[in-house]
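The values are calculated or read from the model by the stated rules, or taken from the named source; none is laboratory data. These numbers come from a predicted model, not from an experiment. FYI the Cβ positions are ideal-geometry reconstructions off the backbone, even for glycines, and counts take in every protein chain you see. These area figures cover heavy atoms from the full protein model, side chains too; ligands, DNA and RNA do not enter into them. Shrake-Rupley method; radii C 1.70, N 1.55, O 1.52, S 1.80 Å.
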Amino acid sequence: MATNTLLTIGMITKAALPLFVNSNAFLGMVNREYSDQFAKEGAKIGATINIRRPSSYTVTDGPALALQNNTQTTTPLVVNKQRHIDISFTSKEQSLQLEEFEDLVLKPAMNTLAATVANDLMSATLTTPNMIAQGVTFSGAGTLVSPTSLTFNQARAQLMLNSAPAGGLAAVMDYTTDVRMANSLQGLFNPTGRISETYDNGEVRGPALGIASWMSDQNVQVATFGTYTAMPTIDGNNQTGSTITVVAGTAVSLNIGDIVTFPNVFAVNRLTGLSIGILRQFVLTAPYTNTTTMSIYPALIPAVIVAGLNTVPGATCTASPGNNNNVTAALTSGKVYRRNLVLNKNAFTLATADLPLYGKGIVEGARENYGGISLRTIQAYDVFQDQLVTRMDILYGYAQLIPEWACIVADIV
């Protein structure tokens with residue numbers, strides 16, 4: 001009978017990381033570029049890097065030169081989350097075969113740790129300024145119903161209209177939405193083998209409808225839209241920027257992540273500045289309760305078209321909202337809904353840092369990087385309990401890179 005080799009902390013760490021990366025659908029679908037600015041011994045919580053976003057330019061008509069400054073905008077990413085799993089491996093457990101140890105110890109630990117990180121990352125989606133809701137017009141009419149193939153196609157179109165790359169899109173669904181979509185899409189998948197797979201498993205898996213990957217995730221949020229009796233009205237013409245002045249409505253309490261629109265304020269093609277014929281959606285970036293200032297994203301930057309060309313870099317809409325026009329809520333007051341996602345991976349990013357490996361008082365320590373994730377494992381002797389204790393740590397931060405490259409697909413609860 002073969003004798004099992006005692007598992008080392010290095011072996012355990014190396015085996016744990018793929019389990020972490022692959023155990024959560026949402027974590028697997030976002031940008032996880034391992035930042036060299038964080039990949040250094042002794043990284044500290046609170047470190048910040050600024051991620052550059054693409055510049056915006058305008059096109060000039062005629063032969064005359066019109067130089068433009070390269071105005072670079074950045075998104076700050078702060079490494080401010082440290083999560084860890086603390087367990088005690090017995091010598092008996094460390095003498096198991098690696099496969100047995102993975103099943104008994106590592107998989108449950110990494111599933112729990114990954115779910116916590118993914119839930120944190122999901123909070124970045126609260127400022128996603130796109131939503132598709134079947135049955136809702138975003139001008140104050142309609143009743144939300146469950147999404148269909150049309151809904152997800154519209155979400156994909158929304159990303160394309162915001163200049164997201166056509167390939168590599170992913171859908172992350174609540175399990176209930178997944179079941180509903182699997183039932184409605186069984187006849188649409190080709191080849192026949194994929195129809196059978198959908199029928200057998202009761203799950204939507206891609207590619208389908210121009211979306212490369214379809215996954216379900218228990219961390220998809222169930223949110224509640226804010227409450228209101230009468231929405232605010234616009235107070236003043238020609239407003240621009242990331243805040244807008246309003247006349248307070250009646251019994252209004254809106255949440256971060258709630259979507260609003262303004263009459264006759266349409267979204268524009270990001271490259272040409274021309275209207276795409278769809279109301280520009282704005283997401284609240286701060287709670288709003290019966291005040292005169294509403295914080296929104298994207299900023300109100302109306303395009304100015306001269307001789308068919310847009311003259312305003314980074315334009316987001318066709319016009320400023322008119323004075324006394326109503327702010328319109330995307331969903332009915334207090335509506336509870338599922339926030340499924342269609343996204344390009346560069347809509348959000350997750351970055352991890354290399355935690356230090358202390359030498360003094362440690363029996364063994366190891367650190368590994370896999371798929372853009374850095375994990376540290378340390379085992380030490382606890383003199384108070386007379387036992388070996390082990391902790392597995394991840395230090396990370398997350399940010400929106402291009403929020404317009406994600407779209408909420410609302411589903412009823």
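Total residues in region 260-280 satisfying the condition of being open to solvent by less than 10 Å² (accessible area, probe 1.4 Å) and part of a loop (DSSP other than H, G, I, E, B): the figure is 3. Does residue 85 count as in contact with a strand residue (DSSP E or B) (Cβ under 9 Å, 6 or more places away or on another chain), modelled with pLDDT of 70 or more, aliphatic (A, V, I, L, M) and farther than 30 Å from residue 103 by Cβ? No: the conditions fail for residue 85. Checked against the criteria, residue 80 does not count as open to solvent by 60 Å² or more (accessible area, probe 1.4 Å), out of contact with any strand residue (DSSP E or B) (no Cβ under 7 Å at 6 or more places or on another chain) and modelled with pLDDT of 85 or more.
Do we find a residue being among the small types (Gly, Ala, Ser), at pLDDT 90 or above and not in a loop (DSSP other than H, G, I, E, B) anywhere in region 192-204?
Step one: filter region 192-204 for residues among the small types (Gly, Ala, Ser), giving 193, 196, 202.
Pick out the ones that are also at pLDDT 90 or above and you get none.
No: zero hits.
Go through region 105-134 and give me each residue that's β-branched (Val, Ile, Thr) and open to solvent by less than 10 Å² (accessible area, probe 1.4 Å). So that I can check it myself, show each step before the final result.
Just the residues of region 105-134 that are β-branched (Val, Ile, Thr), to begin with: 105, 112, 116-117, 125, 127-128, 132.
Passing the criteria: 117, 125, 128.
Scanning region 302-329 for residues that are assigned to a strand (DSSP E or B) and polar (S, T, N, Q) turns up 310, 326, 328.
Within region 372-410, count every residue that is in a strand (DSSP E or B) and under 30 Å from residue 157 (Cβ atoms).
Going through region 372-410 one residue at a time, the tally reaches 8.
Entry remark, region 331-348: residues being part of a loop (DSSP other than H, G, I, E, B) and surrounded by 18 or more Cβ atoms within 10 Å (Cβ to Cβ) number 3 in total. Residues that are modelled with pLDDT under 85 and either among the charged types (D, E, K, R) or surrounded by 18 or more Cβ atoms within 10 Å (Cβ to Cβ) (or both) within region 365-391 comprise 382, 386, listed in sequence order.
Among the residues here, residue 88 qualifies as over 19 Å from the mean Cα position of the chain (by Cα) and either surrounded by fewer than 20 Cβ atoms within 10 Å (Cβ to Cβ) or of a type in the set (S, T, N, Q) (or both). For residue 351, the criteria (1) open to solvent by 50 Å² or more (accessible area, probe 1.4 Å); (2) at pLDDT below 90 hold in every case but one, which is (1). Scanning region 228-259 for residues that are open to solvent by 10 Å² or more (accessible area, probe 1.4 Å) and in contact with a helix residue (DSSP H, G or I) (Cβ under 9 Å, 6 or more places away or on another chain) gives 255, 256.
Before we move on, is residue 403 touching a residue at least 12 places away in the same chain (Cβ under 8 Å) and open to solvent by less than 30 Å² (accessible area, probe 1.4 Å)?
On the way: touching a residue at least 12 places away in the same chain (Cβ under 8 Å): yes; open to solvent by less than 30 Å² (accessible area, probe 1.4 Å): yes.
Spelling it out, residue 403 is indeed touching a residue at least 12 places away in the same chain (Cβ under 8 Å) and open to solvent by less than 30 Å² (accessible area, probe 1.4 Å).
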